[in-house]
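Laboratory data are not the source of any read-out in this text; all were calculated from the coordinates shown. Keep in mind that what you see is a predicted model, and the values were worked out from it rather than measured. Here Cβ is always computed from backbone atoms with ideal geometry, including for glycine, and neighbour counts include all displayed protein chains.
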């Protein structure tokens, strides 16, 4: 009997071509047709895309089906290159920063309004003035770190003043990044003795394709460099691990939370190499743009003034306002930040307590010389997931694309709840549609209620497995 084609194998596992057609066409709609101000144009195709995605990954796939689905993901990312980002206006700020850099102006030094009111060439002023009305935060200096600025600069060099060509140039960089990430995930699953089918959870997820490949959010680079850092950590190559974690941090600083989990417990020298590589790369890159605290003004304004889709920060701030606690209201970020740092410190402290307790037990047994024992031969994805999950719950801002990082970590730890949240969070786009904006808080309550139920389900199942 002839071996069934890879598509036929997929048909036996899922619902076949119908699911693939629904998934593919819905994703195309999200990339080319959906608009930020039209919630229904986002919600309907996303529901179909996410539903078919869940059905496609609901069972373990054979290797032929895995490769076939990964090809679908790559084709969608290739098509996304030609779709201008319609669900986000960040691309205008990307072009703005890249244009300033190409003209020798530091985007960390001035707000967009200050630039237009300064002495610049008439040609540059005209180009910037056309884009200025589309900027989402014209009162802020830029908040995008060093690696992002490099890609903005290269994108403008390639495309010039044409925004659509600029978008294509950046998306070609993102396509390369996705292919490199596929290589990293393939090696991670092999290193951890996990099935390659786990990679489909990330690469086919509609949120990842829509927000990273479609809307050009830089979580892709954070995830790519972080994954590469973990891969080198598993191979005991701590210098390279430090370099790639540094690259991840200069893509977006949130991966700095994972630094303690990548420290070697076997060798002080390796730990020093890791920290130095990470810090020198981060500091060296930022010094190119940031010379004093004034250059961080955009970051500070963003943290203090912006709130979106938060679970704890927003309700806490509203509670302070309702009870006229204006002093506490102004310190809402400090309160939630303090809670997170307390939880984070406890998590990291307990992690190292277990590591060193294990080292003490091994030394007592004396089965082999201590310097030959690998106490952290595997990266603790579960703890990394809990750290980032806690950060998101206490953050003032939780945009949909933030969950791409949680999903990537969740692939190796808690896939169920990570997938559930990527399905729920796209409902936050209701905020941008004036027809339904009044329902935003209701939708947010629904989002976090289902999320907490999913968390309880995850913890309950985990306890059952421990009991067995």
Ranked list, fewest to most other Cβ atoms within 10 Å of each Cβ, for 398, 272: 272, 398
Gyration tensor verdict on region 72-128 (Cα atoms; rounded if a/c is under 1.5, prolate if a/b is larger than b/c, oblate otherwise): prolate
Whole-Å distance, taken between Cα centres, linking region 83-130 and region 384-399: 31 Å
Additional length obtainable on full extension of the chain from residue 253 to residue 341, 0.36 nm per residue less Cα span: 30.2 nm
Pair residue 150, residue 462: separation of 7 Å Cα→Cβ label points (nm): 3.6 nm
Structure-based [θ]222 nm, the chain - -39500 (n - 2.57) summed over DSSP H runs of at least 4, per residue, nearest 500: -21000 deg cm²/dmol
Gained length - residue 390 relative to residue 334, 0.36 nm times residue gap less alpha-carbon distance: 18.6 nm
Descending semi-axes in whole angstrom, ellipsoid equivalent of region 9-98, from the Cα gyration tensor: 29, 16, 9
Packing-based order for 218-229, 427-438, using average beta carbon neighbours within 10 Å, highest first: 218-229, 427-438
Three-way shape call for region 192-279 based on the alpha-carbon gyration tensor, with the a/c threshold at 1.5: oblate
Two-site FRET efficiency, residue 139 against residue 452, from Cβ-Cβ distance with R₀ of 25 Å, rounded to 0.05: 0.10
Shape of region 39-179, Cα gyration tensor, a/c cut at 1.5: prolate
Sorted by Cβ density within 10 Å, fewest first, the residues 279, 334: 334, 279
